[in-house]
Structure formats: structure tokens, C-alpha cells
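Student: Below is the structure I would like to discuss, written out as C-alpha cells.
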Amino acid sequence: LEVGRCVDEFLDVNAPRAIKIALDSGAGDHVAGRDQVGAKSIRPSTGSRRGQHLIATNGDRIENQGESALHMLEPGGEGIKSVFQLADVTRALYSVSLICDAGCELYFAATEAVITKGGKVIARFAREGGLYSFEMEVKPDAGEESPFVGPDAKR
């Protein structure tokens, strides 16, 4: 997870859109649908080049359609860069294990989950029913790699 003030790069009126992401303790990678990330930010991933699939919780195989590096901006502030594996999913998922592997900590409470890094709050996920989710403005940036990626997203 790379954090920084990046308000200026999110002022490009042609690019920003919103993505709603749910925390997922069972996801091995961050995953999103192609329609959630925008077509111009899509690139092949190691898994898509190999013809690998993601496995859904019901055991179904889901085609890996590539990856997308996104810059996301939480309201009021901090920017987060993450790489999502692309698949036919209805909800974008954030892998709890990848978040922890990036040196972050997650705290879960009845009303929210909080991601911190080095004692600093990075993001807050409101609890909606049984899911912890948040919505961020997003601008794709295919030019930079994020340190907050899974093994399939590395080149």
C-alpha cells in the first residue's frame, strides 16, 4: 500500500470515477471487474498470459482477464495505489492478506474496519450488513507498479 497526498493528479476531469471495494479475508488477490476499472487501464497479467483462473468461493473457475493499476483517493485525502486482477465479478474485492503483507494492520469493529500503516490511518471501511466496504474516486495509472500487489500481479 503506497500512501501519499496526490490531490492534483485526481483533478483530471476526464478520468475520475468511483469504485466500491469490499474487504475479503478469503481473497488471494485484489479483484475487480473490467467495467469497474475502465478499459484504458487494463494490461495483461502473469496469470492471464498463462491462462490461469481465479477460484470463486463456490469453487467455480473465473477467467483472469488481466490486471489494472489504480490510484484511488479517499474523500478528504490520502491516495492509495493498488493492482487489481480482473475477472467477471460483481463486486471489487480487497485482499486482507495482501494488505497485511504490505505492512498494514486491519482493525475490525462492529461499525467499521480500519487499515493503518505505521500507526497512520490509511482507509476506513464502513460496515454495510455483513460487508466492510468503501467507495473511492479512482484514476488509472498504468505507468507505475504498486508495492501492494499479489504474486500474480508481479512481472
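The values are calculated or read from the model by the stated rules, or taken from the named source; none is laboratory data. Given the structure is predicted, the values throughout are model-derived calculations rather than measurements. Note that each Cβ is placed from the backbone with ideal geometry, even for glycine, and that neighbours are counted across all protein chains shown. When the accessible area is computed, the model is the full protein with side chains, heavy atoms only, and any ligands, DNA or RNA have been set aside. Shrake-Rupley method; radii C 1.70, N 1.55, O 1.52, S 1.80 Å.
Student: Would you check which residues across the stretch 85-107 are among the aromatic types (Phe, Trp, Tyr) and closer than 22 Å to Ala32 by Cβ and list them? Please lay out each step first, then the result.
Tutor: Initially, the stretch 85-107 is screened for residues among the aromatic types (Phe, Trp, Tyr), giving 94, 107.
Within the stretch 85-107, just Tyr94 meets the criteria.
Student: Could I ask something else about it? Determine whether the stretch 119-127 contains at least one residue that is open to solvent by less than 60 Å² (accessible area, probe 1.4 Å) and modelled with pLDDT of 90 or more.
Tutor: yes
Student: Condition first: open to solvent by less than 30 Å² (accessible area, probe 1.4 Å), modelled with pLDDT under 85 and in contact with a helix residue (DSSP H, G or I) (Cβ under 6 Å, 6 or more places away or on another chain). Can you find one or more residues in the stretch 31-42 that meet it?
Tutor: The first filter runs over the stretch 31-42 and keeps only residues open to solvent by less than 30 Å² (accessible area, probe 1.4 Å), leaving 31-33, 37-38, 41.
Adding the requirement that they be modelled with pLDDT under 85 leaves 37-38, 41.
This time we only want the ones that are in contact with a helix residue (DSSP H, G or I) (Cβ under 6 Å, 6 or more places away or on another chain), so: none.
No, the stretch 31-42 has no match at all.
Student: Check Arg61 against each of (1) open to solvent by less than 70 Å² (accessible area, probe 1.4 Å); (2) closer than 18 Å to Gly26 by Cβ and name the one condition it does not meet.
Tutor: That leaves (1) as the condition not met.
Student: Please specify each residue of the stretch 90-101 satisfying the condition of being hydrophobic (A, V, I, L, M, F, W, C) and over 13 Å from the mean Cα position of the chain (by Cα).
Tutor: If we filter the stretch 90-101 for residues that are hydrophobic (A, V, I, L, M, F, W, C), which is where we start, we get 92-93, 96, 98-100.
Cys100 - this is the single residue of the stretch 90-101 that is hydrophobic (A, V, I, L, M, F, W, C) and over 13 Å from the mean Cα position of the chain (by Cα).
Student: Can you tell me which residues in the stretch 43-52 are open to solvent by 70 Å² or more (accessible area, probe 1.4 Å) and either touching a residue at least 60 places away in the same chain (Cβ under 8 Å) or closer than 25 Å to Val138 by Cβ (or both)? Full working, then the answer.
Tutor: Quick first cut of the stretch 43-52, residues open to solvent by 70 Å² or more (accessible area, probe 1.4 Å) only: 44, 49-50, 52.
Correct list: Pro44, Arg49, Gln52.
Student: What about Asp29, is it within 16 Å of the chain's Cα centre (by Cα) and over 27 Å from Lys120 (Cβ atoms)?
Tutor: Against the criterion (within 16 Å of the chain's Cα centre (by Cα) and over 27 Å from Lys120 (Cβ atoms)), Asp29 does not qualify.
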